[in-house]
Amino acid sequence: MVHQSTFPFFDFSDATENFAQGSSEERGAVFTRAEVVGFILDLVGYTADKPLHRFRILEPSFGDGDFLLPVIERLLKSYKACSPSSSHALEDLSESITAVELNEESVRNTRNKVQEMLLSYGLSVHDTGLIVDSWIVKGDFLLVDLPHTFTHVVGNPPYVRQELIPDTLLNEYRARYHTIYDRADLYIPFIERCLIALAAGGTLGFICSDRWMKNRYGGPLRAMVSKQYHLVYYIDMVDTPAFHSDVIAYPAITIIRREKPGPTRIARRPQIAAKALEDLSHAMSSEAVPDGKEIIEVSRVATGRDPWVLHSFDQLEVVRRLEAEFPLLEETGCRVGIGVATGADRVFIGPYGALDVEESRKLPLVRTKDIDSGTVQWRGYGLINPFNDDGSLVDLNDFPKLAGYFEKHADIIRKRHCAKDKSRGWYRTIDRIYPSLTREHKLLIPDIKGEANIVYEDGHFYPHHNLYYITSGEWDLKALQAVLRSGIAKLFVSIYSVQMRGGYLRFQAQYLRRIRLPQWKDVPSEIKATLATFSDEEDKSGLDEVVALLYGLSKIECQAIGAGKNGDCGQS
């Protein structure tokens, strides 16, 4: 499928070339171990016992050839079995592979390796040159023309944050690919284009970050998969040595086929050894799901934009029941928000007494470190507030000390993205500040934790951007604190959140808003009174018993979520 540029007369070559010359880290290049490459080729069905020269395979970012060279090795082995003579190799092989790469050095080095392979196979110098020219494309995969559709796509797409991509390129990518949403990384449009490039019945096999499967930015891509494709296999590769170097991303192998949606087979953290992966590949593709717990099969993983739930299926049943019976948190009079991001904390935040601005322009700030103990222990930091109570920016002429402070730090403040195109509002924080939030009673929740750390704050502080908060006009916040401390918050967040290394979870607003809660008016008075006594009580077992009554949890449901002492709370 040929994509037409939104700006057909604009030359993207300079921006593309600058991007191409970045370091491997800047370009998102991570190199995959040979055993894992072979495993993925097996899973997509690109095996040497098949007439591979009749297939068309795409590698969209070949780098040093981690995928491309094994693909060629299998292709040549298959072709030798099918056609002992190489007299028609040029005709038979020229369209078998399309491999794209942006970085010139990678193209040059890998091209030389491919030439050596073809020459050692017995092809002439003439035919080798023409085949290599046909196979290898130097360019930006998201912009180059592709010659046809493909039966297979394999690879490890680049993992690049948007801020590292030149603006001209990012604007063009956004115009071409509808899955670039919110803070989506570069691998998202790579997957989109590869899926579009699949022929009917074609199969994609990628190893890449699993973040898009749950995060907000993956919603459009998940919706695309659920409508037109079948998530055939998912293999969790977190904490396995799948790459030649350590990576920050949390990898998974996804095998997606262009066919009617169906059940998904799931495996977790396999041993990275050739024989073990070969055996797992055979088991994954067997007609019936093998006995044992190594592989499970699940229906309806991909449903619209919803996050993919690929684990904890006993807990998922509990979540689904609660979702059917109780309203969302924000439908019960609660509001979820995040603290202020300034874009320049070293200017806007400091010891309260040392911030040399008018008193009315300062707010006491609560940070993650202030609530580590489970209660607010303020460490004396303040936030400079450039906003009026209604959220409009103050006039600096009215606050000479504030004006002088900002002028002193103007170089730092004006460099922020939120200030670049603003002659008037250059001194704003990224997020608008509403001082009235300081005075509201609220629950504070740190972003990254192994357990939900729910801290009550009685209306004295403004939250920092790594803290989420919940306010409510209906629920008693002490009672709500108890409910969320019980494990209900962790239950919903663990189902929908991405997991960090060490088992940590992201207690972000998008996941907190998925929590289900009864309406406060529907809670029996005796449960209301009991909940409030457990707001900061350490008796976890007693709290779980009360929450089990609140939600009508059965003993089996308590066991599934680990509530009570050994999961023994709830109704029989």
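The values are calculated or read from the model by the stated rules, or taken from the named source; none is laboratory data. This is a predicted model, so every value here is computed, not measured. Here the Cβ is made from the backbone with ideal geometry for all residues, glycine too, and neighbour counts use every protein chain on show. Just the protein is used for accessible areas: all its heavy atoms, side chains included, with ligands, DNA and RNA removed. Shrake-Rupley method; radii C 1.70, N 1.55, O 1.52, S 1.80 Å.
So the values come out like this:
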item: Cα shape, segment 233-362, gyration tensor, a/c 1.5 rule; result: oblate
item: Solvent exposure ordering (accessible area, 1.4 Å, most first) of Ser120, Ser285; result: Ser120, Ser285
item: Sequence of Tyr504, Tyr405, Tyr79 when ordered by accessible area, the most exposed leading, probe 1.4 angstrom; result: Tyr504, Tyr405, Tyr79
item: Flagged links, alpha-carbon separation over 30 Å, of Lys113/Lys293; Lys50/Lys275; Lys227/Lys442; result: Lys113/Lys293; Lys227/Lys442
item: Ser554 long-range amide H proximity, modeled H, under 5 Å; result: Gln571
item: Computed [θ] at 222 nm, deg cm²/dmol, the chain (DSSP H ≥ 4; -39,500 (n - 2.57); rounded to nearest 500); result: -9500 deg cm²/dmol
item: Whole-number accessible area per residue in Å² for segment 300-433, which is evaluated in the context of all protein chains at 1.4 Å; result: 52
item: With all protein chains modelled, accessible area of Tyr381 [1.4 Å, Å²]; result: 70
item: Of all accessible heavy-atom area on segment 121-232, the percent that carbon and sulfur account for (1.4 Å); result: 53
item: With Cα atoms, 0 to 90° folded angle of helix 219-228 axis to the chain main axis; result: 50
item: Overall form of segment 38-166 per C-alpha gyration tensor (a/c, 1.5; a/b vs b/c); result: prolate
item: Relative contact order for segment 41-126, counting Cα pairs under 8 Å that sit 6 or more residues apart, in percent; result: 39
item: Long-range HN-HN contacts of Arg33 with modeled amide H, under 5 Å; result: Phe243, His244
item: Total charge dipole magnitude, segment 50-191, about the Cα centre, Cβ charges on Lys, Arg, Asp, Glu only, Debye to nearest 20; result: 480
item: Residue-level accessible surface for Ile196, protein heavy atoms, 1.4 Å, Å²; result: 40
item: Segment 354-454, relative contact order [Cα under 8 Å, separation at least 6], %; result: 25
item: Inter-label distance, nm, simple model (7 Å from Cα along the C-beta direction), Asp133/Glu116; result: 2.4
item: Crossing angle, helix 274-284 versus the chain [Cα axis fit, 0-90 degrees, rounded to tens]; result: 80
item: Sequence ranges 535-545, 182-192, ranked by mean other-Cβ count within 10 angstrom, highest first; result: 182-192, 535-545
item: Contact order relative to length of the chain, as percent, for alpha carbon pairs under 8 angstrom and 6 or more apart; result: 11
item: Average accessible area per residue (Å²) across segment 115-155 - probe 1.4 Å, nucleic acids and ligands excluded; result: 40
item: With Cα atoms, 0 to 90° folded angle of helix 540-551 axis to the chain main axis; result: 80
item: Karplus-derived 3J(HN,Hα), 6.51/-1.76/1.60, for each residue of segment 322-334, Hz, glycine and proline x; result: 5, 5, 6, 10, 10, x, 5, 3, 7, 8, 10, x, 9
item: Leading residue at positive end of dipole, the chain (Cβ point charges), from Val301, Ala276, Tyr504; result: Val301
item: Theoretical FRET efficiency, 1/(1+(r/R0)^6), r = Cβ-Cβ of Val376 and Asp398, R0 25 Å, to 0.05; result: 0.20
item: Calculated FRET value between Ala81 and Glu287, using beta carbons and R₀ = 25 Å, to 0.05; result: 0.45
item: In Hz, Karplus ³J(HN,Hα) per residue of segment 349-361 (6.51, -1.76, 1.60; θ = phi - 60°; x = Gly, Pro); result: 10, x, x, 3, x, 8, 6, 8, 9, 4, 4, 5, 9
item: Added length on full extension, which subtracts the Cα-Cα distance from 0.36 nm per residue, Ala324 to Ile430; result: 34.4 nm
item: The chain, dipole about Cα centre (Lys/Arg Cβ +1, Asp/Glu Cβ -1), debye to the nearest 20; result: 460
item: Whole-Å distance, taken between Cα centres, linking segment 338-398 and segment 254-322; result: 47
item: Rounded if a/c under 1.5, otherwise prolate or oblate - the chain, Cα gyration tensor axes; result: oblate
item: Dipole in debye (nearest 20) - segment 254-386, about Cα centre, beta carbon charges: Lys, Arg +1; Asp, Glu -1; result: 320
